[in-house]
Amino acid sequence: MTLADLAAQLGATLHLGDNTDPATEITAVAAIETATVGQITFVSNPKYIALASTTQATAVLVEPDFPQIAAATLRLKNPYLAFARAIEVFYTPPAYAPGIHATAVIAPTAKIGSNAHIGPHAVIMDHVTLGDNAIILPHVVLYPHAIIGDHFFAHAHAVVREYCQLGDHVTLQNGAIIGADGFGFARDYTAPSGAAWYKILQSGPAILGDNVEVQANATIDRASIGETRIAAGAKIDNLVQVGHGCSVGEDTLLCAQVGLAGSTKVGKNVIFAGQAASAGHNTIGDGVIVTAQSGIGGDVPPGKIMSGSPAIDNADWLKATARFNKLPELIRDLKRSTKTPEST
């Protein structure tokens, strides 16, 4: 594709580089460190601005006021989003033609929409409702009474448990589990041992809104009563654990290894960075950011940035960590200043 055509497709303004013209061919997308002639890359993080002047890429996606460099630049407000769309231009994903593989097991009471692709050894149980244009890859299992909307995409070994409900355009990556039992047990002091754990039946479904994606080996537990709900547009990263009875608001991101204990309520447009977690029964307001490895122990008002474990306001955390590095020196100074004349 030519630079001019790519710029038009992405809605960018083209500024030519030292050795380019509108007909220069772009054949692939690459990272700024490894890009070569014929490839396009991007800069959206200030950390990589210096690399833009030395990159071997033919073109770079940048913001409108980015300085002129030797490479051609395609200028627009959101270069990272444009980069994502450029990948789609040059990458052709596998095509899955409609049809049901001979080894798939589909209950006679299941309702399958039109144009479904159902792969080898997939299992669709009694009374499942599956919308149009579904892609079900090998070894996916849909339990009884699951209700799933249109354009469902389930990668190999994903599971949707009984009575769960999924909206349109939901994607489950490999090994994602929707609606496994929540971790609920009550003490039984009448047991022969004197105290045993009695399993609480997890009767409430997990419900996912439209355009939700759940990535590899993430788990969204069903509730004991009520429901676990993931609102439209939320994105759940690899190895995330959403406990029973939680609710996650629209367009919220739960990044890798995040954990939400039971009955946590998370608002809209929240970001939990990698390995962050919340204790149960907390309410996290809209727009909150919880930085990596932070632990939330209580409710958080909307718009806050929280860091540390137990988490505190990010600005206070930054000050505290800066002082923490000086703690040995401060202790030595304190000891010197408190010595009596006799001790010297």
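Against the conditions (1) over 30 Å from Thr13 (Cβ atoms); (2) touching a strand residue (DSSP E or B) at 6+ places or on another chain (Cβ under 9 Å), Phe83 satisfies every one except (1).
Residues of the range 186-213 that are over 15 Å from Ser224 (Cβ atoms), in a loop (DSSP other than H, G, I, E, B) and touching a Ser or Thr at 6+ places or on another chain (Cβ under 7 Å): none at all. Candidates in the range 320-344 are the residues that are exposed (fewer than 12 other Cβ atoms within 10 Å of the Cβ) and within 30 Å of Thr264 (Cβ to Cβ); of these, the one that is modelled with the lowest pLDDT is Phe324.
Is it the case, given these coordinates, that Gln293 is polar (S, T, N, Q), assigned by TED's automatic domain parsing to the domain that holds Gly184, out of contact with any helix residue (DSSP H, G or I) (no Cβ under 8 Å at 6 or more places or on another chain) and surrounded by fewer than 18 Cβ atoms within 10 Å (Cβ to Cβ)? Considered against the rule, which asks whether it is polar (S, T, N, Q), assigned by TED's automatic domain parsing to the domain that holds Gly184, out of contact with any helix residue (DSSP H, G or I) (no Cβ under 8 Å at 6 or more places or on another chain) and surrounded by fewer than 18 Cβ atoms within 10 Å (Cβ to Cβ), Gln293 comes out as yes.
All conditions but one from (1) surrounded by 14 or more Cβ atoms within 10 Å (Cβ to Cβ); (2) within 23 Å of Val160 (Cβ to Cβ); (3) within 25 Å of the chain's Cα centre (by Cα) apply to Pro93; the one that does not is (1). Of the listed requirements (1) over 22 Å from Ile147 (Cβ atoms); (2) assigned to a strand (DSSP E or B); (3) not aliphatic (A, V, I, L, M), Phe183 misses just one: (2).
Can you go through Gly262, Gly274, Gly194, Gly182 and tell me which one is in the same structural domain as His155 (by TED's automatic domain parsing) and within 17 Å of the chain's Cα centre (by Cα)? Lay out the reasoning, then the answer.
Working: Gly262 fails: within 17 Å of the chain's Cα centre (by Cα); Gly194 fails: within 17 Å of the chain's Cα centre (by Cα); Gly182 fails: within 17 Å of the chain's Cα centre (by Cα).
Sole residue among the options that is in the same structural domain as His155 (by TED's automatic domain parsing) and within 17 Å of the chain's Cα centre (by Cα): Gly274.
From the list Asp181, Asp251, the one residue that fits, being at pLDDT 95 or above and either under 23 Å from Ala311 (Cα atoms) or in contact with a Gly (Cβ under 9 Å, 6 or more places away or on another chain) (or both), is Asp251.
Scanning the range 1-50 for residues that are of a type in the set (A, V, I, L, M), more than 27 Å from the chain's Cα centre (by Cα) and surrounded by fewer than 17 Cβ atoms within 10 Å (Cβ to Cβ) yields a total of 7.
Candidates in the range 39-78 are the residues that are over 21 Å from Pro22 (Cβ atoms) and basic (Lys, Arg); of these, the one that is modelled with the lowest pLDDT is Lys47. Under the condition of being closer than 12 Å to Leu6 by Cα and either touching a Lys or Arg at 6+ places or on another chain (Cβ under 6 Å) or polar (S, T, N, Q) (or both), the residues counted in the range 21-56 number 3. Taking the numbered list (1) closer than 21 Å to Val170 by Cβ; (2) at pLDDT below 95; (3) among the small types (Gly, Ala, Ser) in turn, Ser309 passes all entries but (1).
The values are calculated or read from the model by the stated rules, or taken from the named source; none is laboratory data. These numbers were taken from a predicted model, which means no experiment stands behind them. Counting neighbours? That spans all protein chains shown, and the Cβs are built from the backbone with ideal geometry, glycine included.
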